[in-house]
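Undergrad: Have a look at this one.
Rule-based calculations on the coordinates, nothing more; no lab input. These figures come from a predicted structure and were not determined experimentally. In this analysis, Cβ positions are derived from the backbone assuming ideal geometry, glycine residues included, and neighbour counts consider all displayed protein chains.
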Amino acid sequence: MIKLIFNHSLSIFNDNHPLIYLEAEAGNTPAKYMFENGWIPYGKNNIWYQTKSSRLKLFSISKKRQNSLKTLKITESTSNINIEAPLDVENYNIGNYLDFFFDDVFWGRVNFYEDQILYSVMNNVKNKKSYGTLSFYYLIEKFKDQYKYLYIADYFDCFNYKKSLQGFEYWNGKNWI
C-alpha cells in the first residue's frame, strides 16, 4: 500500500495555481508499479516523488552509435580524482547501483530497483564528445537484453533534449506518451 505525503515545504505558488509536491512511501508496492505510474525514487528511505517522468524503451542502437561508443574508454571505475560529483549523488546510493566512466572523465549512476533500472545521476561535463547523449546509448546497448525500459527521471522543458533519444516516452499523469 502506498502512503501519500504532501510535502508543503517543497510546494510553490506560480501566481495562478498552487503547485503541490507529492511524495509517497511505497511500502510493499513493487518498484515496477511505482515506475509505471510516474513515480521516481529519491533518497534512502523508500521515498518516491510524482513527476512528469521519462523512460527509454530498450532495443538495439544503430551501428553509428555503436561505433561512437567504441571510440571511448568505458570503465566502471576511475583513478581520476578531479571528477566532481553532483551534490545529491549520495541520495542515489540505494543498495545496488552501477557507476560508469567515459575516458576517465564522464560518469553516470544507474540504480537497480527490483526488476527496474533508473539512470539517476549524470555528471554535468560540457563539450566532451557528446558524453551526455552517448551515456544514454551506452546504457541502452548495455541493458537492452535484460530490461524493457531504462527510466531517466524527469521530463520538463529544461530536459527537452531527451525527446530526441531512441525509444523516448514520458508520463503525462495518466499514460505513457
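Undergrad: Quote the FRET efficiency, to the nearest 0.05, computed for LYS32 versus LYS73 with a Förster distance R0 of 25 Å and r equal to the Cβ-Cβ distance.
TA: FRET efficiency, LYS32 to LYS73: 0.15.
Undergrad: Which residue, chosen from LEU134, LEU118, ASN96, occupies the Cα position most advanced towards the positive end of the dipole of the range 53-170, where the dipole is computed from +1 (Lys, Arg) and -1 (Asp, Glu) charges on Cβ about the Cα centre?
TA: LEU134
Undergrad: Could you name the aspartates and glutamates whose alpha carbon sits less than 14 Å from that of LYS3, not counting residues in the same chain fewer than 8 places away?
TA: Within reach: GLU23, GLU25.
Undergrad: Let me ask you something else. So, in the range 53-170, how many Lys pairs have Cα atoms under 16 Å apart, if the pair is 8 or more places apart or on different chains?
TA: Final tally of qualifying lysine pairs is 15.
Undergrad: Same structure again: Over the chain, what number does the Rg to Rh ratio reach, with both radii from the alpha-carbon atoms and Rh per Kirkwood?
TA: We get a ratio of 0.97 for the chain.
Undergrad: Can you tell me which of 62-73, 9-20 comes out highest on packing, and rank the rest after it, using the mean Cβ neighbours within 10 Å?
TA: Packing proxy ranking, top to bottom: 62-73, 9-20.
Undergrad: Moving to a separate point now. Apply the Karplus parameterisation 6.51 cos²θ - 1.76 cosθ + 1.60, with θ equal to phi minus 60°, to every residue of the range 169-177 and state each ³J(HN,Hα) to the nearest whole Hz, in sequence, with x for glycine and proline.
TA: Values, residue by residue: 9, 9, 8, 9, x, 10, 9, 8, 10 Hz.
Undergrad: Moving to a separate point now. Provide GLU36, GLU76 in ascending order of the number of other Cβ atoms located within 10 Å of each residue's Cβ, fewest first.
TA: Fewest to most other Cβ atoms nearby, the residues stand as GLU76, GLU36.
Undergrad: So for the range 53-170, averaging the separation of alpha carbon pairs under 8 Å that are six or more residues apart and normalising by length, what relative contact order in percent results?
TA: After rounding, I find 40 percent.
Undergrad: Please list the non-local residues whose amide H lies under 5 Å from the amide H of ASP103, H modeled 1.01 Å from N, same-chain partners needing a gap of 5 or more.
TA: For ASP103, the qualifying residues are LYS73, ILE74, THR75.
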